[in-house]
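The values are calculated or read from the model by the stated rules, or taken from the named source; none is laboratory data. Computed from a prediction, not measured in an experiment: that's the story for all the values here. Here the Cβ is made from the backbone with ideal geometry for all residues, glycine too, and neighbour counts use every protein chain on show. These area figures cover heavy atoms from the full protein model, side chains too; ligands, DNA and RNA do not enter into them. Shrake-Rupley method; radii C 1.70, N 1.55, O 1.52, S 1.80 Å.
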Amino acid sequence: QVQLVESGGGLVQAGGSLRLSCAASGRTFSIYHAAWFRQAPGKEREFVASISRTGDRTYYEDSAKGRFTISRDNAKSTVDLQMNSLKSEDTAVYYCAANVFVLANGRGPYEYWGQGTQVTVSS
């Protein structure tokens with residue numbers, strides 16, 4: 001098993017940046033694919049970005065491409081999401097997720113989830 005704890009959320013103005021971090025504990029993190037999802041009020045949780053075990057492959061939702069960057073440091077057991085040019089529609093609770101096996105497109109399924117961190121973008 002792996003436990004995931006997100007941090008780095010907060011309030012930011014539109015056009016600003018935030019860096020989310022997810023710290024993993026438990027089993028060796030390098031065996032897990034990892035991803036970020038988000039859920040806005042009244043909406044379904046949606047995929048944002050994912051990264052392969054070694055970090056050699058990344059996938060992004062269209063809305064995140066060119067603005068968000070997912071990265072990982074297996075030595076530190078962390079996966080980060082750098083978010084730039086934030087928009088009001090990026091406001092959501094952001095969740096870190098992990099699993100040993102996922103589909104080739106990186107979108108899931110994910111078995112392990114963090115509690116989430118709130119990101120609020122003011123316009």
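A few comments on the model shown:
- Accessible surface area normalised per residue over the chain is 51 Å², counting heavy atoms of protein chains with a 1.4 Å rolling probe.
- Calculated FRET efficiency, LYS87 to ALA23, Cβ-Cβ distance, R0 = 35 Å: about 0.85 to the nearest 0.05.
- Computed in the context of the full set of protein chains, the accessible area of the chain at 1.4 Å probe radius has 48% of its extent on carbon or sulfur.
- Here is the P(r) of the range 1-107: all C-alpha pair distances, binned every 5 Å from 0, give 2, 13, 25, 26, 19, 10, 4, 0 in whole percents.
- Ordered by 1.4 Å accessible area with all protein chains kept, ASP80, ASP90, ASP73, ASP62 run largest first as ASP62, ASP73, ASP80, ASP90.
- LYS76 accessible area, 1.4 Å probe, all protein chains in place, Å² to nearest 10: 150
- Stretchable slack from GLU44 to ILE31, in nm (0.36 nm times residue separation minus alpha-carbon distance): 1.9 nm
- The stretch between LYS76 and ARG107, if pulled fully straight at 0.36 nm per residue, gains 8.8 nm over its current Cα-Cα span.
- With the simple model of a label 7 Å out from the Cα in the direction of the Cβ, ARG57 to VAL100 spans 1.8 nm.
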